[in-house]
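Have a look at the structure below before the remarks.
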Amino acid sequence: MGKHIIPLFLPKFLLMEFEKEIAKRRTFGIISHPDAGKTTLTEKLLLFGGAIQEAGAVKSNKIKKSATSDFMEIERQRGISVATSVLAFIYKDKKINILDTPGHKDFAEDTFRTLTAVDSVIVVIDVAKGVEEQTEKLVEVCRMRNIPMIVFINKLDREGKDAFDLLDEVEQKLGLTVTPLSFPIGMGYDFKGIYNIYEKNINLFSGNSKKNIEETIAFDNLDNPELEKIIGADAAEELRDNLELVEGVYPDFDKDAYLKGELQPVFFGSALNNFGVRELLDCFVNIAPSPRPKKAEERLVKADEKDFSGFVFKIHANMDPKHRDRLAFVKIVSGTFERNTPYLHVRHGKKLKFSSPNAFFAEKKEIVDISYPGDIVGLHDTGNFKIGDTLTSGEELHYKGIPSFSPEHFRYINNADPMKAKQLYKGIDQLMDEGVAQLFTLEMNGRKVIGTVGALQYEVIQYRLEHEYGAKCTYENFPVHKACWVEAEDENNEEFKEFKRVKQKFLATDKKGQLVFLADSPFSLQMTQQKYPSVKLHYTSEFE
Ligand code: GDP
């Protein structure tokens, strides 16, 4: 007696409720090169979900080039990116969570981390510009993780590349296997509409009612002579030819292949004109996956497991420097997250309770009692969390898949105000926990080096150290080509000892204490690897 009896299984009706909630969730990210139309598409999706009432309500999270040294702009930006971190809405009884991914390349690492929390993505491509650099990088990350992707080719109201050429480009540059689920009729000035292969109907584009949801004409049989009457003889013939080619060249749509990341459906449209967006969304809610299982170091964790687990993929500092608290964004992987319930912070080995977890809805956040797998909760944090931390009901799980990537820029950071050393180190520490940049400590002399993806971050760090922590810093150039995480076959072998001795000047530890080799040129990297073959050098901090 006196023992608590913990039910091993939830009562059946609760279990069904729980499974239903999971099946409803669609958590995804929209990725694109800046200017392809991500913000516009997000806004139109929210309009369909009834989450916003008017166009222009979603603020672009873009950092303009001219804003590089405009700190007010950076602050304004941080405000927007809190507001747009997670945008949720209900559509056709599905709970849709859009996770914001900054397009600016200096914030690419933020986007990579957010991609660890999505279950699928939509890739937006500009019909005139085709596949651009940022798209290539982001799609590569998704491809490596087999994340299901749908491609949306945008701005069909403008002159652009030929649809088949674009499909080729997407296959070649992005390494995807595509199958168009819609096909444009004309383009730019001649843009007449879109044939929806998925639903077998035609949507006509009307220049006058561009802002309205378009008229749909169903067409089961393309040989129907009505087609000529509606779009004209030339366009009808071209469409028939094109669709014949589509059928001959591209594989049939196969949902399983899409879910495995092996096949990517493509839609065409114009986000600005709200054209082709409903088709995209309708197909998306049908085929996109509900929360997928996630690998922890210990085991694979499934969404429908009863016990809660989740991980921190983003940390946002409070906009008010007087309140040092931050918002940690947790993706729920399994079980339910409940308010005022103690959960294990695995890295600290202690239990924490949260009295006011935030859920996100449209552009608002509100306190929530219970959240399900796929959802994101925002937890107020006074410095307990780091990106990548795992929270569970009690099991010692460590979620994988949030590696650090080699930064592109490296600078020494110096203290410019000796009276404020403590503030400086605290500030650096917290900004690194947020994932703003990476800190390396040189083995030889303990000097601190900050590595970033873009030069913009140095200004952000300097500004925030001063305004939030009252500390001043200066930078000094440190020419490094790449940071490589070191893996020794055997830490006691002579080769590794020699490597450490000879390369001492180039060795540092990262924030987790992992050994890093800072190669000063591609040549020295190559030579080092040749000379010490048993020492493996990795471009990311996580390796099998
Ligand atoms: P993001 O950087 O990817 O978020 O791109 P935005 O959504 O901010 O769009 C960049 C620019 O392209 C803006 O001026 C939009 O108005 C414009 N745009 C977006 N979609 C379309 C479209 O379908 N047609 C045209 N002509 N312009 C578009």
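Quick notes
- D307 meets all of the listed conditions (1) within 16 Å of the ligand (Cβ to nearest atom); (2) outside the structural domain of G186 (by TED's automatic domain parsing) but one, namely (1).
- Within region 506-520, the presence of at least one residue that is touching a Leu at 6+ places or on another chain (Cβ under 8 Å), on the phi < 0 side of the Ramachandran plot and part of a loop (DSSP other than H, G, I, E, B) is confirmed.
- Residues of region 478-504 satisfying the condition of being outside any strand (DSSP E or B), under 12 Å from L537 (Cβ atoms) and of a type in the set (F, W, Y): F499
- In the condition set (1) within 16 Å of G29 (Cβ to Cβ); (2) out of contact with any Leu (no Cβ under 7 Å at 6 or more places or on another chain), T111 is compliant with all but (2).
- Being at pLDDT 95 or above, in a strand (DSSP E or B) and buried (at least 22 other Cβ atoms within 10 Å of the Cβ) is a property that holds for I332.
- Residue match in region 249-266 (condition: of a type outside the set (S, T, Y), in the same structural domain as F48 (by TED's automatic domain parsing), touching a Pro at 6+ places or on another chain (Cβ under 8 Å) and within 16 Å of the ligand (Cβ to nearest atom)): yes
- Among the residues of this structure, L243 does not count as one that is hydrophobic (A, V, I, L, M, F, W, C) and in contact with a helix residue (DSSP H, G or I) (Cβ under 9 Å, 6 or more places away or on another chain).
Residues checked against (1) of a type in the set (S, T, Y); (2) buried (at least 18 other Cβ atoms within 10 Å of the Cβ):
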{"position": "P357", "(1), (2)": "no, yes"}
{"position": "I367", "(1), (2)": "no, no"}
{"position": "I376", "(1), (2)": "no, yes"}
{"position": "G383", "(1), (2)": "no, no"}
{"position": "I387", "(1), (2)": "no, yes"}
{"position": "L391", "(1), (2)": "no, yes"}
{"position": "Y399", "(1), (2)": "yes, yes"}
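- Candidate set from region 26-54 (those that are more than 10 Å from the ligand (Cβ to nearest atom) and aliphatic (A, V, I, L, M)); member that is modelled with the highest pLDDT: L45
- Count of region 290-306 residues which are surrounded by 18 or more Cβ atoms within 10 Å (Cβ to Cβ), in contact with a Phe, Trp or Tyr (Cβ under 9 Å, 6 or more places away or on another chain) and in a loop (DSSP other than H, G, I, E, B): 2
- A search for C-beta distances below 6 Å between a residue of region 122-144 that is under 25 Å from E279 (Cα atoms) and any residue that is assigned to a helix (DSSP H, G or I) and within 10 Å of the ligand (Cβ to nearest atom), counting only pairs 6+ apart in sequence or on different chains, returns V124/K38; V124/L41.
- All positions within region 267-288 that are within 16 Å of the ligand (Cβ to nearest atom) and either part of a helix (DSSP H, G or I) or not assigned by TED's automatic domain parsing to the domain that holds S120 (or both): V277, R278, E279, L280, L281
- Any hit, region 96-107, residues being at pLDDT 90 or above, surrounded by fewer than 22 Cβ atoms within 10 Å (Cβ to Cβ) and part of a helix (DSSP H, G or I): no
- Exclusive hit being touching a strand residue (DSSP E or B) at 6+ places or on another chain (Cβ under 9 Å), in contact (Cβ under 8 Å) with a residue 12 or more places away in the chain, under 30 Å from P293 (Cα atoms) and not aromatic (F, W, Y), set L181, L222: L181
Listed here are the residues, each with its yes/no results for (1) surrounded by fewer than 18 Cβ atoms within 10 Å (Cβ to Cβ); (2) over 30 Å from K420 (Cβ atoms).
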| position | (1), (2) |
| --- | --- |
| I450 | no, no |
| A455 | yes, no |
| H467 | yes, no |
| N477 | yes, no |
| E491 | yes, yes |
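- Extreme residue, farthest from the ligand (Cβ to nearest atom), among residues of region 117-165 that are acidic (D, E) and assigned to a loop (DSSP other than H, G, I, E, B): D119
- Within region 516-541, tally of residues that are under 24 Å from I428 (Cβ atoms) and either without any contact (Cβ under 8 Å) to a residue 60 or more places away in the chain or of a type in the set (V, I, T) (or both): 5
- Test for N196: is it at pLDDT below 95 and touching a Ser or Thr at 6+ places or on another chain (Cβ under 8 Å): yes
- Restricting E395, E366 to those that are on the phi < 0 side of the Ramachandran plot, part of a loop (DSSP other than H, G, I, E, B) and charged (D, E, K, R) reduces the list to E395.
- Just one of the numbered conditions (1) within 29 Å of the chain's Cα centre (by Cα); (2) more than 30 Å from V333 (Cβ to Cβ) is not true of D490: (1).
- Residue in region 437-449 that is touching a Cys at 6+ places or on another chain (Cβ under 8 Å) and assigned to a loop (DSSP other than H, G, I, E, B) present: no
- Annotation: A117 fulfils all but one of (1) in contact (Cβ under 8 Å) with a residue 40 or more places away in the chain; (2) surrounded by fewer than 24 Cβ atoms within 10 Å (Cβ to Cβ); the unmet one is (2).
- One residue alone among L327, L379 is under 20 Å from the mean Cα position of the chain (by Cα), assigned to a strand (DSSP E or B), more than 22 Å from P291 (Cα to Cα) and at pLDDT below 95, and that residue is L327.
- Screening G175 on (1) at pLDDT 90 or above; (2) of a type outside the set (A, V, I, L, M, F, W, C); (3) surrounded by fewer than 16 Cβ atoms within 10 Å (Cβ to Cβ); (4) within 16 Å of the ligand (Cβ to nearest atom) shows it passes everything except condition (4).
The values are calculated or read from the model by the stated rules, or taken from the named source; none is laboratory data. The structure displayed is predicted, hence computed values, not measured ones. All Cβ positions, glycine included, derive from the backbone under ideal geometry; neighbour counts span all protein chains shown.
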